[in-house]
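Note sheet for the following structure.
The values are calculated or read from the model by the stated rules, or taken from the named source; none is laboratory data. Nothing here was measured: the structure is a model prediction, and the numbers come from that model. Quick reminder, even Gly has a Cβ in these numbers, built from the backbone with ideal geometry, and neighbours come from all protein chains shown.
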Amino acid sequence: MKKTKSILMIIFILTFIVTNFHTSFAFNKAQIPSYIEIGLFHSNTAKSTLHLKSINGFEVGVFYDNEFVALVDLLDYQEIILRKDAYYIGQRGNFVEYTGDVKNIDNQLNIQGPYHVQVGEAFDSHRTAYEYMQSLNVVHDHLHLAYEGKWKVFMGQYISEEEASLKAKSIKEKTQDETKIVQPSPTRVQALDFEGNPMLFFDSSDNIYFKGIEDKGLPSLIEVEGNRYRGAITAKRLQNSDMSIVNKLPLEEYLYGVVPREMPALWPVEALKAQAVVARSYALANMNRFRKSGFDICNTTTSQVYSGYDREHANSNRAVEETKSTVVTHDGKLISAFYHSNSGGHTENSENIWSQPIPYIKGVEDKYSINAPNSTWSEAFTKQEVKSLLQKNNISIGEIIDIRVEATSEFGRVLNLTIYGTEGKETLAKERSRWIFGLRSTWFTVDGGGEKSIVLRSSNGSFDSTSLQNKAVISSTGISKITNLSNIKMYNGKNYKGIDRQDVDYFIFNGKGFGHGLGMSQYGAKKMAEDGFSFKEILEHYYTGVKVE
């Protein structure tokens, strides 16, 4: 009996350990945030000025626990201008930042500057500040409100501290209220009406957002640079920069604008669902990538392509809705769900494209991507074109002699490509060869370039390279080794083609697939969906050892 009890106790302990082991790797969906912030313009595309449009006017407010709380309404304005607190010239919506010398100007150019005057003290509420501003009997120099933790009344856009000081003294003498000079701020943003009149100044570190007011049942939309977006828009300035323009909106609504940009919305719904799940998983796994810049991810291929409301489609929206909160995990953690256009017939291990092995990004056979667009391709480069491409990337090895694939992965993608020149050689590792030559993938071979090679372009624009080294022809006089290319014609089964002696300098890259080859092939997902596979089966095919939950 004691032995039986001991065995039962061991089984219980093992069961407890195994159960808790698996529980520890369960993904907690409570970790999924409700909102996401997308950088629309930043770094090299950051804005000095920006126009926002909304049919029914704007709400200006902040987010508390992902709930938008309006601070002030701008109901009478369908278009407003945001610009950083700096020097400007222009009028009626056409403002250009002035970067010239402002020390000795007499302001005949009507320059608007970043010095202001604060009248009175700070207020806790917008209403109190507004009522105070209305009570001031000041005719000149447009009064407006500012929000910098508290509400303040500002006046003017002066080009120097001296000019602001004179105005401050004049206002104090007239109103008997305290005034003080407001110095230029590296984080302040101005909101003006279309005529250029100041309406509201704010410190971008306070995360003030502009939201379009809903229009007859349509979602709240705001237009930025000709594109409409759900959610809210803010301008953030970091380290005296131009304004980074950020769109904050619910995560699922963000996906409405991603899925149809990454995959055609008319593709099978199971493929669209797979795209929705990988887009959601990728976004969540990379949420902190741009946090130092004031947002989560950007709207380009650096993250995922996102174009807002105007590119949404009912089919892709349905795919997002029917997979709501569904993600791909590995050992209980979100995966960074890389995807690409076409694998060419086999996906790749992550370490053969980038540097680190990722357990769920392993090469898998992919027959579903064959016979799809870009499953095969070819590109031709002359020796001079190769030389120019290298020089653009600060590589100088003289005249080009040869190009050789020195090493490939077990699945065929190039690991090392060496270009030989009269003044040395250069080895391009992994993706570097793809970027320098502008190739569709790193799965390729290189032909041609020798003195006895010919290149023929087919009717579909692809290239075929044939080496004539050690080749022979059969004629009425017998077998003859080729020693001279003149007067030789090629027969393709239908037509005879002459050999162009100028083609001997070409290198032909014959390749497979489009993209890095990691994770899900989008054309493969399309074919799998057409063949009746579910989105979960598609994802489990392309990602190794994962769970769709």
Residues located in the range 517-549, provided they are at negative phi and either outside the structural domain of ILE353 (by TED's automatic domain parsing) or touching a Pro at 6+ places or on another chain (Cβ under 8 Å) (or both): TYR523, LYS526, ALA529, GLU530, THR544
Number of positions in the range 288-315 that are of a type in the set (A, V, I, L, M) and buried (at least 18 other Cβ atoms within 10 Å of the Cβ): 1
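Among the residues in the range 199-216, are any under 18 Å from the mean Cα position of the chain (by Cα) and farther than 30 Å from ASN28 by Cβ?
no
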The lone exception for ILE353 - which of (1) surrounded by 20 or more Cβ atoms within 10 Å (Cβ to Cβ); (2) under 21 Å from ASN510 (Cβ atoms); (3) in contact with a Phe, Trp or Tyr (Cβ under 6 Å, 6 or more places away or on another chain) it fails: (3)
Count - residues of the range 380-422 that are more than 26 Å from GLU351 (Cβ to Cβ) and either small (Gly, Ala, Ser) or assigned by TED's automatic domain parsing to the domain that holds HIS346 (or both): 5
Among the candidates SER54, SER43, residue that is at positive phi and touching a residue at least 60 places away in the same chain (Cβ under 8 Å): SER43
Residue check for ALA86: of a type in the set (A, V, I, L, M), outside any strand (DSSP E or B) and modelled with pLDDT of 90 or more: yes
Residue within the range 405-423 that is more than 28 Å from GLU530 (Cβ to Cβ), among the polar types (S, T, N, Q) and part of a helix (DSSP H, G or I) present: no
Subset of the range 31-45 that is of a type outside the set (Ser, Thr, Tyr) and at pLDDT below 95 - its residue that is farthest from SER244 (Cα to Cα): GLN31
Single unsatisfied condition, LEU272 versus (1) assigned by TED's automatic domain parsing to the domain that holds LYS324; (2) surrounded by 19 or more Cβ atoms within 10 Å (Cβ to Cβ); (3) without any contact (Cβ under 8 Å) to a residue 40 or more places away in the chain: (3)
Residue satisfying condition, being part of a strand (DSSP E or B) and either surrounded by 20 or more Cβ atoms within 10 Å (Cβ to Cβ) or in contact with a Lys or Arg (Cβ under 9 Å, 6 or more places away or on another chain) (or both), within set VAL69, VAL117, VAL96: VAL117
PRO260 vs. criteria buried (at least 23 other Cβ atoms within 10 Å of the Cβ), at pLDDT 95 or above and either of a type in the set (A, V, I, L, M, F, W, C) or over 22 Å from ALA70 (Cα atoms) (or both): yes
